[in-house]
Amino acid sequence: MPRILSKEILAPDVVRFWIESPHIARKRKPGQFVILRTAEGGERIPLTIADVDRARGAVSVIVQGVGKSTRQLNAMDAGDEVLDVAGPLGRPTDLHPGRRVCCVGGGIGAAVVYPIACGFKALHGRVVAIIGGRTKDLVILERELREVADRVVVTTDDGSHGTKGLVTDALQALLAEGEVFDEVVAVGPLPMMRAVVEVTRPLGLRTTVSLNPIMLDGTGMCGGCRVSVGGEQKYVCVDGPEFDGHQVDFEELSARLGAYREDEAASLLLYERERLAAGEPA
Amino acid sequence: MAKKILQKTKNPMPLQDPVERARNFEEVALGYPVDLAVLEAQRCIQCKNEPCIAGCPVEIDIPEFIRQVAERDFEGAFRTLMDRNVLPAVCGRVCPQEEQCEARCTLGVKFEPVAIGRLERFVADYANLVKFTDDTPPQPPTGHRVAVVGSGPAGLTVAADLAKLGHQVTIFEALHKAGGVLVYGIPEFRLPKSIVEREIDGLRRLGVEIRTNHVIGQTFTVDELFTELGFEAVFIGTGAGLPSFPRIPGINLIGVYSANEYLTRSNLMKAYLFPATDTPAIRGRRVAVIGGGNTAMDAVRTSLRLGAEHAYLIYRRTRKEMPARAEEIEHAEEEGVEIIMLAAPTAILADERARVRAVRCIRMELGEPDASGRRSPVPQAGSEFDLDVDIVVFAIGQGANPLIRNTTPDLPVNKWGNIIADEGTGATQKAGVFAGGDIVTGGATVISAMGAGRRAARAIDAYLRAPSSDGFSPTDV
């Protein structure tokens, strides 16, 4: 079973794992994801591959603990084994050489734009990264992005770090000061991606978003991850996860993400009670 | 000796009470007890021309195993089955025997045929109970290595047949559990997962290696199976693909499922145990399943077990045209499924939270026969009606999975994306690559996929043993 090689807390409830998976590390391209299970009876959790280390035969995933499954994963430690890791899944990012790209990552979305930024940079592009969070502690991967991007702009809602404001404010400011982009890549919470798409739409600026719908098998068998893109039915697991943001029906996607909200809350509550009863930190 | 009086009808198999079973996931059919099995086997007249064998896609020596049951030689009967069929406990449960072996039974000309399926199931279950194992030693190792993509009925059959011939076989399965449709698709109440596991364990004992979490086309391409992993032949049995939805408003509302998703949540992910397991399924109080095949029956019967108060099956033709097995339709009705015939959905209606509130249907009448020979449904203008439901499940077929096609450009597919393969050998137009099951034929049955696996195994064996691969075309097999 795949072993967790290291664990690092990047922000409250946000953990970076390096997990042994040589086949996946060997094959993975930016933009792809894995499906991971922690235990028997557990969910199949889709997670973007944030980075790979081919020498160690490992992939890294960055996990925000929001529900039972992600919290259960985040409670695991280096040396533990997860039950299953399958991948790399999805289509790789559509990378083109020499592009001027703005990578916008909201919160945990930075973990998804980071490998994409690396991909464009490897093809001699100019990469500007905008990452943001509610507050300083929630901004992740700033150091890593500074190593790869030509320019990094950080925003926080409360002004505790970088510029006070939203990532869209920063994008608008960059465009106003004359930065020219061939493409924007935006990943983060749905409202953020929607806002970015509305900034770029009037400019006709190509904007790619990476979607994270509810997914089950991740291999094109169940159709649960379907989204409407330009009026067409698309399956995120095999047609995506990246799509033209100007074509995505975000409202529908947002509704579908809430399909199991009550079940998820009940499951989390039960899990926290069990952990409390076992004397473990919830 | 007095001549025995021939019993004209099949001995019925005991079933769980319909009211009770509609609320649990325990197996519906309970199987023959020993004496009843012997009695049923004695109905076989051991006719000379053995038409039943020709009706079996994997050519089980049916009269022989039935004779052995009649003589209480259950171990012998088990070996006869295993000689031709590596999944007897599965086939005894899910094969459409009424269209195959039993349809040809000589006894069936005048009376009811011998209950061949029930006897096959009895022998397999009895063998498990008393721990018979098939200890036929495999042939000496040939040193040839074969990759099998997908661990459903086709892949398992190919793997077993080739392993018995001494080849080294590795199965690559995309999901975390082996078995394909037998574990994600067919429900526990029709095919207990412990039975599938037991039959797969048998394969492991034959030396077959099973690698789960390997998505071929992604983790490795078909070409990499040859070039990097050193396999000499590849069999593709990836099964069902992207589910189909009709082009009607509302199909992306919350509460609209493909049968694949609904069944996978329940069967593979065990949503019926939620929150003890972590993957939920929406517990619809009023559920509509669209379709008339076995998958539709599985979905609608699953909905009852997940707590539905009303489970509707909506089919655009009549009961007579339903592709599902008659027995499945009967079982569904006994359990309280309400069948709405001659109707098809035209829209799914939402509440204010984008959840399903109703399905709008239109009445059909049957017109002229279509290409399939069935009378085609014709919508009746102005006949729309709304049925209040909170879940709609579509079981109307599926397209081909794109993962292998997208990464294997020199593997020809037809206009639906299904792999083109020779029916008799499974050979594709790519050297060393064979295919069979639903990825070739589109949605079909477990046993037809096994039959394709059997034929492909023979062809792969011949391909591997061919003196030189130079100038050898696998289509010549």
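Projecting the Cα atoms of B:178, A:167, B:253 onto the dipole axis of the protein assembly as shown, where Lys and Arg carry +1 and Asp and Glu carry -1 at the beta carbon, places B:178 farthest toward the positive end.
Reported to the nearest whole Å, the Cα centre-to-centre distance from segment A:36-51 to segment A:198-214 is 26. Taking the Cα centre of segment A:168-257 as reference, the dipole from Cβ charges on Lys and Arg (+1) and Asp and Glu (-1) amounts to some 260 debye. Helices in chain B, meaning DSSP H runs of at least 4 residues, each add -39500 (n - 2.57). Divided by all residues, the mean residue ellipticity at 222 nm is -9000 deg cm²/dmol.
Contact order, relative form, for segment A:4-89: 39 percent (alpha carbon pairs under 8 Å, 6 or more residues apart, mean separation divided by residue count).
Angle of helix A:190-200 to the longest C-alpha principal axis of chain A, folded into 0 to 90 degrees and rounded to 10: 10°. Here is the list for segment B:246-350: GluC sites (Glu not before Pro) lying in DSSP coil, each with at most 14 other C-beta atoms within 10 angstrom of its C-beta, are B:309.
Report summary: the helix-based calculation at 222 nm, which adds -39500 (n - 2.57) for every DSSP H run with n ≥ 4 and divides by the residues of chain A, gives -8500 deg cm²/dmol.
With respect to chain A, whose longest principal axis is taken over its alpha-carbon atoms, helix A:110-122 is tilted by about 50°.
Could you pull out the pairs from A:27/A:121; A:234/B:177; A:234/B:320; B:131/B:270; A:234/B:270; B:193/B:415 whose alpha carbons sit more than 30 Å apart here? Don't skip to the end; give the middle numbers.
Working: A:27/A:121 19 Å; A:234/B:177 26 Å; A:234/B:320 35 Å; B:131/B:270 28 Å; A:234/B:270 26 Å; B:193/B:415 35 Å.
From the list (A:27/A:121; A:234/B:177; A:234/B:320; B:131/B:270; A:234/B:270; B:193/B:415), the Cα-Cα distance tops 30 Å for A:234/B:320; B:193/B:415.
To the nearest 20 Debye, how big is the dipole of segment A:4-89 about its Cα centre, given +1 on the beta carbon of each Lys and Arg and -1 on that of each Asp and Glu?
Working: 12 positive and 11 negative charges, 81 e Å.
Dipole size: approximately 380 debye.
Sequence-distant contacts, meaning Cα pairs under 8 Å at least 6 residues apart, place the relative contact order of chain B at 15 percent.
Kindly provide the trypsin sites (Lys or Arg not before Pro) of segment B:373-436 that DSSP labels as loop, not H, G, I, E or B, and whose Cβ sees at most 16 other Cβ atoms within 10 Å. Write down the numbers at each step before the final one.
Details: sites: B:374, B:375, B:405, B:415, B:430; in loops: B:374, B:415, B:430.
Within segment B:373-436, the qualifying trypsin sites (Lys or Arg not before Pro) (loop, at most 16 other Cβ atoms within 10 Å) are B:374, B:415.
For residue A:40 and residue B:326, FRET efficiency with R0 = 45 Å and r from the beta-carbon atoms, rounded to 0.05? Can you show the working numbers first?
On the way: r = 37 Å, r/R0 = 0.83.
Using R0 = 45 Å, I get an efficiency of 0.75.
Local charge for residue B:379 was computed over the other residues whose Cβ lies under 15 Å away, with Lys and Arg +1 and Asp and Glu -1, and equals +2.
Could you size up the charge dipole of the protein assembly as shown around its Cα centre, putting +1 on the beta carbon of Lys and Arg and -1 on that of Asp and Glu, and report it in debye to the nearest 20? Walk me through the intermediate numbers first.
On the way: 87 positive and 100 negative charges, 100 e Å.
Around 480 debye, computed over the protein assembly as shown.
When B:176, A:96 are sorted by how many other C-beta atoms sit within 10 angstrom of their C-beta, beginning with the fewest, the order is A:96, B:176. For residue B:250, the amide hydrogen comes within under 5 Å of the amide hydrogens of B:348, counting only partners 5 or more places away or on other chains and with H modelled in the peptide plane. Among the GluC sites (Glu not before Pro) within segment B:164-228, those in coil by DSSP and having at most 15 neighbouring Cβ atoms inside 10 Å are B:228. Look at the dipole of the protein assembly as shown built from charges on Cβ: of B:239, B:66, A:47, the Cα furthest out on the positive end belongs to B:66. Database remark: amide H of residue A:50 closer than 5 angstrom to the amide H of A:60, A:61, A:62 (H placed geometrically; neighbours at sequence offset of 5 or more, or on other chains; Pro and chain starts carry no H). Helices assigned as whole DSSP H runs in chain B whose Cα atoms extend at least 27 Å along their own long axis and whose mean Kyte-Doolittle hydropathy is -1.0 or higher are found at B:446-465.
Read-outs: derived from the displayed coordinates by stated rules, not from any lab. Model, not experiment: these values are computed from the prediction. Every residue, glycine as well, gets a Cβ built from its backbone with ideal geometry; the counts of neighbours run over all protein chains shown.
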